[in-house]
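K.L.:
Please find one structure pasted underneath; my questions will follow.
Every read-out reported here was derived from the displayed coordinates using simple, explicitly stated rules and does not represent laboratory data. As the structure is a computational prediction, the values presented were derived from the model and not from experiment. Positions of Cβ are generated from backbone atoms using ideal geometry, with glycine treated the same way; all protein chains shown enter the neighbour counts.
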Amino acid sequence: MLKLVHLSDLHLVPPGNELHGLRPEAQLQRAVSHIVREHGDADLCVVSGDLTHDGHPLAYAEVARQLARLPMPVHLMIGNHDDRAAFAQAFPDAPRMPDGFVQQAIDTSAGRIILLDTHQAGAAEGRLCSARLAWLAERIEESGPAPVYLFVHHPPFPVGLKRMDDIRLADAEALWAVLAASRTRPRHLFVGHLHRAIAGSWRGLPFSGVRGTTHQIALDFKTAGFAPVSFEPPGYGVVLIDEDTVVVHFADIPDEG
């Protein structure tokens, strides 16, 4: 059985600064300590974007310092709050395509995990170009009969949160066209961006998303134009995969006080 930790939406700012009245680096420290203590035996960790809030180099340096405490391999993605150039400087060894897209395929005992880059500079919504879609199709096809699991930052479907639906993946149909044409469709789709523990299915494809490590997005189906913040407990996902099942546990991070 493969054990995977799903982290997302760290939103770090330079250490010592606050975001929504919280200290994101202190929140991440709590999350990392909880993972080390409770799930340090995981095979890998995927962080599905928004590592920082505004792409500041000092924030990326703090992300690198804290994630280095995790005992398992850590695979990073970027989201709409990230900066591609600053990320590349902070993580020069992170896999990326020649044109700078931060994506990779990871072969595991449970199958192939694909991390897809939906970041578009200057845009809050997600975008996919022909190069990224072609890369995805190739990585799925070359996996052969092995199961495939797909991570994206931006969900390609609405979830009922008006502002977050406005800034979801804009190229959902193009993504679906690739998945529908592939011999092997993903067994599970993992998303970030939403700052909520969420699960369901999109056109028959099961999906899940996790809370951020700092602030959350309120469960508010009425407010439009902005995403209201809530201060529910931060969290992450613990994913167990074998040949028959994909199980996602949602872990809350307790207040150390």
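One line per residue, one yes/no per condition, for (1) touching an Asp or Glu at 6+ places or on another chain (Cβ under 8 Å); (2) surrounded by 21 or more Cβ atoms within 10 Å (Cβ to Cβ):
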residue: Arg69; (1), (2): no, no
residue: Asp82; (1), (2): yes, yes
residue: Ala85; (1), (2): no, no
residue: Ala88; (1), (2): no, no
residue: Arg112; (1), (2): no, no
residue: Arg127; (1), (2): yes, no
residue: Ala131; (1), (2): yes, no
residue: Ala134; (1), (2): no, no
residue: Ile140; (1), (2): no, yes
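K.L.:
Another one. Which residues, counting only those in the stretch 13-30, are touching a residue at least 60 places away in the same chain (Cβ under 8 Å) and touching a strand residue (DSSP E or B) at 6+ places or on another chain (Cβ under 6 Å)?
P.N.:
Across the stretch 13-30, the qualifying residues are His20, Pro24.
K.L.:
Check the stretch 141-151 and report whether any residue there is touching a helix residue (DSSP H, G or I) at 6+ places or on another chain (Cβ under 8 Å), in a loop (DSSP other than H, G, I, E, B) and over 28 Å from Phe221 (Cβ atoms).
P.N.:
Looking through the stretch 141-151, none of the residues is touching a helix residue (DSSP H, G or I) at 6+ places or on another chain (Cβ under 8 Å), in a loop (DSSP other than H, G, I, E, B) and over 28 Å from Phe221 (Cβ atoms).
K.L.:
Check Val238, Val248, Val229 and return the single one that is touching a Ser or Thr at 6+ places or on another chain (Cβ under 7 Å) and hydrophobic (A, V, I, L, M, F, W, C).
P.N.:
The match here is Val248.
K.L.:
Any idea which of Leu7, Leu28 is touching a Cys at 6+ places or on another chain (Cβ under 7 Å), crowded, with 24+ Cβ neighbours inside 10 Å, of a type outside the set (S, T, N, Q) and closer than 26 Å to Ile106 by Cβ?
P.N.:
None of the other options fit; the residue is Leu7.
K.L.:
What about Asp107, is it in contact with a His (Cβ under 8 Å, 6 or more places away or on another chain) and either in contact (Cβ under 8 Å) with a residue 12 or more places away in the chain or part of a strand (DSSP E or B) (or both)? Talk me through it step by step, then tell me what you get.
P.N.:
Working: in contact with a His (Cβ under 8 Å, 6 or more places away or on another chain): no; either in contact (Cβ under 8 Å) with a residue 12 or more places away in the chain or part of a strand (DSSP E or B) (or both): yes.
In short, no.
K.L.:
Counting only residues that are of a type in the set (Val, Ile, Thr), in contact with a His (Cβ under 9 Å, 6 or more places away or on another chain) and assigned to a loop (DSSP other than H, G, I, E, B), which one in the stretch 206-253 is nearest to Val152 (Cα to Cα)?
P.N.:
Here the answer is Val210.
K.L.:
Next question. Taking the stretch 133-161 as the region of interest, how many residues are more than 18 Å from Val210 (Cα to Cα) and more than 17 Å from the chain's Cα centre (by Cα)?
P.N.:
14
K.L.:
Moving on. Mind listing just one residue for me: the one in the stretch 172-205 that is in contact with a helix residue (DSSP H, G or I) (Cβ under 8 Å, 6 or more places away or on another chain) and assigned to a loop (DSSP other than H, G, I, E, B) and, of those, surrounded by the most Cβ atoms within 10 Å (Cβ to Cβ)?
P.N.:
Among those residues, the one meeting the criterion is His193.
K.L.:
Considering only the stretch 219-230, how many residues are within 21 Å of Arg30 (Cβ to Cβ) and without any contact (Cβ under 8 Å) to a residue 60 or more places away in the chain?
P.N.:
1
K.L.:
With respect to the numbered conditions (1) more than 23 Å from Leu10 (Cβ to Cβ); (2) free of Cβ contacts under 8 Å to residues at least 40 places away in the same chain, which one is the sole condition not fulfilled by Asp165?
P.N.:
(1) is the only condition that Asp165 fails.
K.L.:
Let me ask something additional. Determine which member of the set Gly122, Gly100, Gly55 is touching a helix residue (DSSP H, G or I) at 6+ places or on another chain (Cβ under 9 Å), loosely packed, with under 14 Cβ neighbours inside 10 Å and among the small types (Gly, Ala, Ser).
P.N.:
Gly100
K.L.:
I'd like the full set of residues that are of a type in the set (Phe, Trp, Tyr) and closer than 11 Å to Tyr149 by Cα, limited to the stretch 189-211.
P.N.:
Let us first name the residues in the stretch 189-211 that are of a type in the set (Phe, Trp, Tyr), namely 190, 202, 207.
Answer for the stretch 189-211, where residues must be of a type in the set (Phe, Trp, Tyr) and closer than 11 Å to Tyr149 by Cα: Phe190, Phe207.
K.L.:
Looking at the stretch 178-221, which of its residues are closer than 17 Å to Val246 by Cβ and touching an Asp or Glu at 6+ places or on another chain (Cβ under 9 Å)?
P.N.:
Listed by number, the residues that qualify are Thr184, Ala197, Val210.
K.L.:
Under the condition of being of a type in the set (S, T, N, Q) and part of a loop (DSSP other than H, G, I, E, B), which residue from the stretch 80-104 is farthest from Asp43 (Cα to Cα)?
P.N.:
Residues of the stretch 80-104 that are of a type in the set (S, T, N, Q), as a first pass: 80, 89, 103-104.
Next cut, part of a loop (DSSP other than H, G, I, E, B) only: 80, 103.
On the way: Asn80: 27, Gln103: 19 Å.
It comes out as Asn80.
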